[in-house]
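Right, one structure below, let's go through it.
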Amino acid sequence: MPPADGADLVRIVVGRSGRVVFETELVARFNYGAAVPWVNRLDDGSINAIAGPERLVLRTPVALYGEDLRTVGEFAVEADQSIPFVLSYGASFQSLPPAIDGFDALARTEAFWRQWSDRCSDVGPWTEAVKRSLITLKALTYAPTGGLSPLPRRHFPSASVA
């Protein structure tokens, strides 16, 4: 989840060696699982899921299709190949959430967390574990209140993704 004003979730499948075939599945539900969205394909190939005032848009070069109220696909990744999946949240009554570059978002996210965690001084052999714990707690913090949340409301308010 890139730290920004937007609400995007980025996943990148990276091939290290050989060739691996994957199956992908998106089961989007809103209103804490009670609302199954209306799903359609946009002109650019993106998947658009709407339930009431909420929207998810999935952008990926992978060919996806609907099956049993799920969005599924199969793809292969070769060595040194990377395939992005970017899931964006927005209000259904507003313009589509802007498309972001998944690779750029990953680089910006890594740079943000490295800069933030580098403020932690060396605590001996546990420095990396302490930094990882701090990053996890910080990432789970809901900025407006400072409370911990499994998924901050500014990102995907009542959507659940399996």
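The values are calculated or read from the model by the stated rules, or taken from the named source; none is laboratory data. This one's a predicted model, so the numbers in the text were calculated from it and none came from an experiment. Note that we place each Cβ from the backbone using ideal geometry, even for glycine, and neighbour counts take in every protein chain shown.
Per-structure values
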{"read-out": "Within region 1-112, strands (runs of 3 or more DSSP E) holding 3 or more residues that are under 30 Å from Lys131 (Cα atoms)", "value": "8-14, 82-91"}
{"read-out": "Scan of region 16-54 for residues that are surrounded by fewer than 16 Cβ atoms within 10 Å (Cβ to Cβ), over 28 Å from Thr141 (Cβ atoms) and among the small types (Gly, Ala, Ser), ordered by number", "value": "Ser17, Gly18, Gly45"}
{"read-out": "Pairs where the first residue, in region 94-118, is exposed (fewer than 14 other Cβ atoms within 10 Å of the Cβ) and the second is in a loop (DSSP other than H, G, I, E, B) and of a type in the set (S, T, N, Q), C-beta under 8 Å, 6+ apart", "value": "Ala99/Ser46"}
{"read-out": "Pairs, first within 14 Å of Arg70 (Cβ to Cβ) and at pLDDT 95 or above in region 33-48, second β-branched (Val, Ile, Thr) and not in a strand (DSSP E or B), C-beta under 9 Å, six or more apart", "value": "Ile47/Thr60"}
{"read-out": "Which listed residue, of Val77, Val62, Val72, is touching a residue at least 40 places away in the same chain (Cβ under 8 Å) and closer than 17 Å to Val14 by Cβ", "value": "Val77"}
{"read-out": "Residues satisfying the stated conditions in region 113-145, i.e. over 20 Å from Leu9 (Cα atoms), among the hydroxyl-bearing types (Ser, Thr, Tyr) and assigned to a helix (DSSP H, G or I)", "value": "Ser117, Thr127, Ser133"}
{"read-out": "Complete set of residues in region 55-113 that are touching a Gly at 6+ places or on another chain (Cβ under 6 Å) and modelled with pLDDT under 95", "value": "Pro97"}
{"read-out": "Conditions (1) without any contact (Cβ under 8 Å) to a residue 60 or more places away in the chain; (2) over 28 Å from Asp104 (Cα atoms); number of the one not met by Val57", "value": "(2)"}
